Amino acid sequence: MINKPLPLFPGARVALVAPSGPLPEGRLMPALDSVRALDLEPVVYPSCEKQHGYFAGGDEQRARDINDAFADDSVQGILCMRGGYGAQRLMDRLDWKLIAEHPKVFCGYSDITALHIQLNQRCGMVTWHTPMPSTEWYEGLDEFTTASLRRALFSGALGPVYNPPGQEMLTLAKGTATGQLTGGNLSLVAATLGTPWEIDTRHKILFLEDVDEEPYRIDRMLLQLKQAGKLADCAGILLGQFTNCQAKHPDRSLLLSDVFRELLLSEGKPVLMNIVCGHCMPTLSLPLGLNMLMDATAGALTILE
C-alpha cells in the first residue's frame, strides 16, 4: 500500500539536503530566499555547504543528512537542492526502515530519480518530481511552474494535469492506462538495471525524461529497458522533455521521434509525449507513486488517489 505524506502548510519546516552534487558558489542564500517566498521555513543540512569533488560532501555525510531529515519529526518536508551525480552511492547507507516510519513530502528530480524509485518501492511512499531550490527556484519561477509546485506541496495535486497553454500533449500510441507513476530521468532509471535497486515497472505508468543526451544514447538506454522487459511490464509510457538531445551530426543520426517510434510502438502500450516535465522551464510537478490515468488517445492525464 502506498503512503501519501501529509501536504505542507504555510510555516512548515523543510529540510534542505544535497544528496548529489555540490551547490554552485553563491546559490545557497538565494535558494533559501526562494524557499521562504513559498511560506516555508528552510532548515539547512550540512551537505548544502560541503564539497567532495563532484559530490556535496562524502557519501556518509550526504546519507546522514537524509536519514536525519526523515527522523526529525519537527521537519515536515525534504527538498533536494540540486541533482548532478551521487544519489546512487547512498543506497546502502540509507535507513529505509526508519524512512518508511517517518513519511514526509520529498521533492527533487534528475539524479534524485535514484532516491524516488526506492522511496516509492521500498518505503511505499509517494514522492514529488519537482524543480529544485538551487537550480530553478533561486532565479524565480514562472507562474505556471509556481502554480504546479504549490499544488504539489500544499494540496496533494489530485485531478487533471495540464501542460502550459500552447504546448499540447502528443499521442504516439493510442490507448488508456491506469497505474502508479514511476520513473524519472532515463539515465538514472537505466542505471538501476541489474542492481538490488532495479526499477519495478509492472502495471505502472513509466515516466521518462532526459537532458544533454544524443539520440543514439537515448536509443541505447531505451533499448536496455526494452530488453530488460521494463517496457513490456508497464501499463503505459509518458515521455517528458528531452532537453538538448539533438544529434551533433544530424545527417548521420535518427531523429528522437524515430527512436521513440522504433523502440516503443512494438510494445503495444499507450504512449503520450511532450509532457512538460523534466529539465525544462516551465515544468510540471508530478507525484511518483500515486495512481494516474493516462488517456493517450485524448492527450490527457489525471492524478488519482
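The values are calculated or read from the model by the stated rules, or taken from the named source; none is laboratory data. This is a predicted model, so every value here is computed, not measured. In this analysis, Cβ positions are derived from the backbone assuming ideal geometry, glycine residues included, and neighbour counts consider all displayed protein chains. Each accessible area value is taken on the protein alone, full model and side chains, heavy atoms only, with ligands, DNA and RNA left out. Shrake-Rupley method; radii C 1.70, N 1.55, O 1.52, S 1.80 Å.
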Next item on the list: Would you confirm whether any residue within the stretch 161-171 is part of a loop (DSSP other than H, G, I, E, B), hydrophobic (A, V, I, L, M, F, W, C) and touching a strand residue (DSSP E or B) at 6+ places or on another chain (Cβ under 6 Å)?
Entry: yes
Check: Say we look at the stretch 197-213 and pick out the residues that are under 15 Å from the mean Cα position of the chain (by Cα) and among the hydrophobic types (A, V, I, L, M, F, W, C); which of these is most open to solvent (accessible area, probe 1.4 Å)?
Finding: V211
Notebook entry, point to check: Can you tell me which of A152, A147, A157 is of a type outside the set (D, E, K, R), farther than 20 Å from V17 by Cβ and part of a helix (DSSP H, G or I)?
Noted result: A147
Check: List, please: which pairs have Cβ atoms under 8 Å, are six or more places apart or on different chains, and start with a residue in the stretch 19-34 that is farther than 21 Å from R64 by Cα and end with one that is part of a helix (DSSP H, G or I) and not acidic (D, E)?
Finding: R27/Y138; P30/Y138; A31/W137; A31/Y138; D33/Y138; S34/W137; S34/Y138
Notebook entry, point to check: Inside the stretch 1-47, can you point out the residues that are of a type in the set (K, R) and part of a helix (DSSP H, G or I)?
Noted result: R36
Check: Does D219 fit the bill of being closer than 26 Å to V259 by Cβ and assigned to a strand (DSSP E or B)?
Finding: no
Note to self: For the stretch 81-116, which positions are surrounded by 24 or more Cβ atoms within 10 Å (Cβ to Cβ) and aliphatic (A, V, I, L, M)?
What the structure shows: M81, A87, V105, I112, A114, L115
